[in-house]
Amino acid sequence: MNKDKVQIAIERLQQFEPKDGHGYYVAISGGKDSDVIAKLVEMAGVKYELHHNHTTADAPQTVRYIREQYPTCIIEYPQKSLWQLIGEQGVPPTRLMRYCCKELKEHGGEGRTKVLGVRWQESSGRKNNRKMIELCYKNATTTINPIVDWRESEVWEFHREYELPHNPLYDLGYKRVGCIGCPQKGTKAMLEDFNRFPKYKVMYLEAFKKMLEVRKKKGLETSWTTPEEVFNWWINL
């Protein structure tokens, strides 16, 4: 592992440590990058709290992993579950309509200084739009991304060198940890999710059923007649 990159990440955390007495709001997802930032804030000797947004569509392994490996982590539960949101929105979440992320993942720590495990290598969108330091004047939040310039190989090298635990989903072949059935994964990975976690397919179908009932009550035009039709359309987008 590149010692300079580790030291730079530590120095970033030390340099921007909030002086308000609250410490960092460290958001962890249960993925490999989260493990790294949790270790780095410890190594930096800064004040912090770990927080995890429970999405209601997390894999059971992820829920257990957070609770077992990070017992002091504050788990934030949403006001509405993904299944409720689908009914209210009247359409399943898609790659272009990611209301689920906005409502279930991308919140918390307003008015605080947050630490995230965002990395440029993860996507072109993050490479083009994310920075090491981000300011949001709307909710008075500062975000620090201390490993934004790390490559995936360096993340795993850090895991090995510091003997960090990792989410057991990686041992099942998962490359990224996220919600079961996330449209960002694509059709093949979504089907693999539902083969491994069939109960989640049942929950999506039940949510689609309620969604169709809401659309009917509102008089919204739709070509879907059954939850299965919605599911087949959704998974093949």
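A few remarks follow.
- Here the stretch 158-237 is treated as a Stokes sphere of Kirkwood radius computed over C-alpha pairs; at 37 °C and 0.692 mPa s its diffusion coefficient rounds to 223 µm²/s.
- Sparse packing (at most 14 other Cβ atoms within 10 Å of the Cβ) combined with a DSSP loop state is found for the following trypsin sites (Lys or Arg not before Pro) in the stretch 155-199: Lys175.
- Among Arg130, Arg12, Arg119: highest mean-square fluctuation, GNM of the chain, C-alpha pairs under 10 Å: Arg130
- Leading residue at positive end of dipole, the stretch 115-237 (Cβ point charges), from Gln184, Trp233, Phe158: Trp233
- For the stretch 21-80, the percent of C-alpha pairs falling in each 5 Å distance bin, counted from 0 to the bin holding the largest distance, reads 4, 17, 30, 25, 14, 7, 2, 0.
- By the rule of a C-alpha distance below 16 Å, with chain neighbours fewer than 8 residues away ignored, the lysines paired with Lys114 are Lys19, Lys39, Lys47, Lys105, Lys131, Lys138.
- FRET E, pair Glu76, Trp156, Förster distance 30 Å, beta-carbon r, rounded to 0.05: 0.60
- Distance (nanometres) between label positions extended 7 Å along Cα→Cβ at His22 and Ile8: 2.9 nm
- Take the Cβ atoms of Gln15 and Val63, set R0 to 41 Å, and the FRET efficiency comes out at 0.75.
- The modelled label-to-label distance between Tyr170 and Glu49, using points 7 Å beyond Cα along the C-beta direction, is 2.8 nm.
- Neighbour-limited loop hits for trypsin sites (Lys or Arg not before Pro), the stretch 48-86 (at most 16 other Cβ within 10 Å; DSSP other than H, G, I, E, B): Lys80
- Centroid-to-centroid separation of the stretch 6-48 and the stretch 63-86 [C-alpha atoms, Å]: 21 Å
- Residues whose amide H falls under 5 Å from that of Tyr48, counting only those 5 or more places apart or on a different chain, are Tyr24, with hydrogens built in the peptide plane.
- DSSP-defined beta bridges in the chain - what % are antiparallel, rounded to 5: 30 percent
- Take every pair of alpha-carbon atoms less than 8 Å apart whose residues are at least six positions apart; their mean separation over the length of the stretch 3-173 yields a relative contact order of 26 percent.
- FRET efficiency, 1/(1 + (r/R0)^6) with R0 35 Å, evaluated for Leu135 and Asn232 via beta carbons: 0.20
Readers should treat all values here as calculations from the given coordinates under stated rules, not as data from a laboratory. Just so it is clear, the structure is predicted and the values come from calculations on it, not from any experiment. Note that we place each Cβ from the backbone using ideal geometry, even for glycine, and neighbour counts take in every protein chain shown.
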